[in-house]
Amino acid sequence: MAIRITRRGALFGASGLAFTAAACSGGPRRPEPEPQTGPFRHGVASGEPDQTSVVIWTAITDDSGGEYIFQLATDDAFEDVVFEEREERTYVTSNEISTFKTLATGLAPGTRYYFRMLHNGISSPIGRTRTLPEGAVSEFKFAVCSCSNYPAGYFNAYREVANTPDLDLVLHMGDYIYEYAADGYASEDAERMDRVVDPLTELFSYGDYARRYALYKSDPDLQAAHAAAPWFMMWDDHETANDAWATGAENHNDGEGEWDERVYNALRAFHDWNPTREPDGQIGSVRLAEIGDLATLAVTESRLSARSQPMDFSNFPIPNDADPDDPANHQAITEWREQEVGRNDREMLGTEQIAAIADAYEAAAGKPWRLLGGQVLLGRVEAPNMMEALPGWLKFIVSRSDDLAWGYIQRSQFDIPFNLDAWDGYVAERERLYNAVRESAGDMIAFAGDSHNFWTNQLTDSAGNRLGFEFGTSSITSPSPFERIPAPGVSFSRIIEAGNADVIRHNDRDKGFVRVTMTPDALEADFVTVSTIKQRGYTAGSDSRWRVTRGQNGLEIEAV
């Protein structure tokens, strides 16, 4: 079945929209991008492939109508076109920008294709895509990305994704855009780098969100990554507002309208500007991808369908500066963790998604790998006792310069979770998820974003039984929470590793993504880093590389 070309219409109304090419000091490997002209200034993209179809997407600037032809071929010269869809349109007035996407069908499994749009005889850039394989699969490569804040720096990590040869898929775990105003989060260097966001205000309306996506899609490095491979995308919180849950968000305040309307506007723009299959009601549930006989991937929706309000430390039961030697204080923390953090009714996914994951994993019990794509860290991470671990000079400086960080350091004496917005704030449902995985298939490999840090964790339940391993990707550009504390000679990562038996590797500084290679015998995860995000010239590296195999007692991991 063919889906007709969808023209999204005039996205910005009469307010106008101007684009400029980003500019900054050059680098050893990166020339300045050429100014973007012509109708195709936002690149092309493909996404959500299955064995016989894939979504293809583009946008047209100054769309005044005429002929539109989507083509998909087995060669980049388009001599063997296997899918074509065309349409003629006449407008009374031109649209400033229109987005288009369609579902290319009738394709062969596990096959590389090339795609483009022709508009009045002008070709878009050519993109590469690939359908998912069926049957025997000897190897599958994908990248895991998260957290690209436009004003924070250049998207060098996306360029490195594009440089990855033979990439089958990109798994984007959310925070593709950020909703803040131009003077908001991580914007300190934006003007110098010519990366001030559009619109200048915080995002609320459909037009606001659409303009922000248009800005992101004008970035040449992001365009290159989208053109290199199909993407499987899921939002986290910043596609709507910071620390979102089903009925609100930390960054949705009184006087900012109805939350449901903001979510509708945000998700409509998300689907209009990305190569997604749009679920009923925009939100949907868990998304599944079958990678032949090699793996089943389940991607969760962890923000808008079922999530309870994230906890914070505003209801911490004792003062930050309470006596750590007083047993009554530790008892109060134990009760708080059991009765508040551990409440049985706190949900992130809900029963429907957990049941769908269990069903998918049970059907995939004969495959080597079951993969879980989530947004926030699943593994158990405790805040180490920073009062003991940090040198006195650093505590002195923080106590006088950063009240938020100092309060966290003080509370760390009392056995607290590292991040209550992650699964450590939803421990009862995490146990329900682990039980479902154990009963359906026995194990899994999880992937996460959100934290702006690299992680290798083992996944253990409350009884200490291991369910698998987790690889958390760092950000494309968004700053690590540890960057706010200048601490030469102090490694927060080593402190966190020493204080957590389940944390095998932590990197709190580098930006990049996780490159994964799966075979029937092993899954390897390479933490790809970029040397800088503050200029276009960069060097790619590797923080660490991990191999998971199956031994006599289940999944095993080693550094390689």
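The values are calculated or read from the model by the stated rules, or taken from the named source; none is laboratory data. None of these values were measured; they are calculated from a predicted model. Glycine also receives a Cβ, built like all others from the backbone with ideal geometry; neighbour counts cover every protein chain displayed. Areas reflect the complete protein model, heavy atoms only, side chains present, ligands, DNA and RNA absent. Shrake-Rupley method; radii C 1.70, N 1.55, O 1.52, S 1.80 Å.
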Using all alpha carbons of the chain, what is the percent of pairwise distances in each 20 Å bin, ordered from the shortest bin to the longest? 21, 56, 21, 2
Compare the Cα positions of LEU215, TYR426, SER462 along the charge dipole of the chain (+1 at Cβ of Lys, Arg; -1 at Cβ of Asp, Glu; about the Cα centre) and return the one farthest towards the positive end. LEU215
Hand me the tally of lysine pairs in the chain: alpha carbons under 22 angstrom apart, and the pair either on different chains or 8 or more positions apart. 6
Per residue value of the accessible surface for the chain (all protein chains in place, 1.4 Å probe), Å²: 38 Å²
To the nearest 10 degrees, how steep is helix 427-440 against the longest Cα principal axis of the chain, on a 0 to 90 scale? 70 degrees
Considering only protein heavy atoms and a 1.4 Å probe, what is the carbon-and-sulfur percentage of the accessible area of the chain? 47 percent
Longest to shortest principal axis, alpha-carbon extents of segment 114-243, angstrom: 50, 40, 28
If I stretch the segment between ARG438 and THR247 completely, what's the gain in nm (0.36 nm per residue apart, minus their alpha carbon distance), one decimal? 65.7 nm
Computed magnitude of the charge dipole of segment 196-236 (debye, nearest 20; Cβ of K, R +1, Cβ of D, E -1): 140 debye
Could you tell me the convex hull volume per residue, in Å³, taken over the Cα atoms of segment 470-560? 120 Å³
For segment 138-210, what is one quarter of the convex hull surface built on the Cα atoms, given in nm²? 5.8 nm²
Within segment 244-287, backbone nitrogen closer than 13 Å to the virtual label 7 Å beyond the Cα of ARG343 toward Cβ: none
Using all Cα-Cα distances in segment 215-261, what percent lands in each 5 angstrom bin from 0 up to the longest? 5, 18, 19, 16, 12, 13, 13, 4, 1
Extended-chain gain in nm, criterion 0.36 nm per residue less alpha-carbon gap, ASN419 and THR90: 113.1 nm
To the nearest 10 degrees, how steeply does helix 327-336 sit against the main Cα axis of the chain, on a 0 to 90 scale? 30 degrees
Answer in debye to the nearest 20: the dipole magnitude of the chain about its Cα centre, from +1 Lys/Arg and -1 Asp/Glu charges placed on Cβ, is 1360 debye
Given a Förster distance of 25 Å, the FRET efficiency implied by the Cβ-Cβ spacing of THR351 and THR460, rounded to the nearest 0.05, works out to 0.65
Taking only DSSP H segments of four or more residues, each worth -39500 (n - 2.57), what value at 222 nm results for the chain once the sum is divided by all its residues, to the nearest 500 deg cm²/dmol? -5500 deg cm²/dmol
Compactness relative to 2.2 N^0.38 Å, alpha carbon Rg of segment 447-497: 1.37
Relative to the longest principal axis of the C-alpha atoms of the chain, give the angle of the C-alpha long axis of helix 206-217, reported between 0 and 90° and rounded to the nearest 10°. 80 degrees
In whole µm²/s, the translational diffusion coefficient that Stokes-Einstein assigns to segment 347-473, given a Kirkwood hydrodynamic radius over C-alpha pairs, 25 °C and 0.890 mPa s, equals 152 µm²/s
Projected convex hull area of segment 219-347, Cα atoms, direction-averaged, in nm², equals 13.1 nm²
Counting Lys and Arg as +1 and Asp and Glu as -1, each charge on the Cβ, what is the dipole of segment 336-397 about the Cα centre in debye, to the nearest 20? 260 debye
FRET efficiency, ARG268 to ASP166 (Cβ-Cβ, R0 56 Å, nearest 0.05): 0.95
Could you point to the residue in THR37, THR105, ALA73 farthest towards the positive end of segment 36-186's charge dipole, with +1 and -1 charges on the Cβ of Lys/Arg and Asp/Glu respectively? THR37
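Per Stokes-Einstein, at 10 °C and 1.306 mPa s, what whole-number D in µm² s⁻¹ belongs to segment 47-145, with the Kirkwood radius over Cα pairs as the hydrodynamic radius?
Here the translational diffusion coefficient equals 108 µm²/s.
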Of ASN320, TRP406, ILE291, which is farthest towards the positive pole of the chain's charge dipole, taken about the Cα centre with +1 and -1 on the beta-carbons of Lys, Arg and Asp, Glu respectively? ILE291
If R0 = 25 Å, then THR532 and ASP403, at their Cβ-Cβ distance, give a FRET efficiency to the nearest 0.05 of 0.25
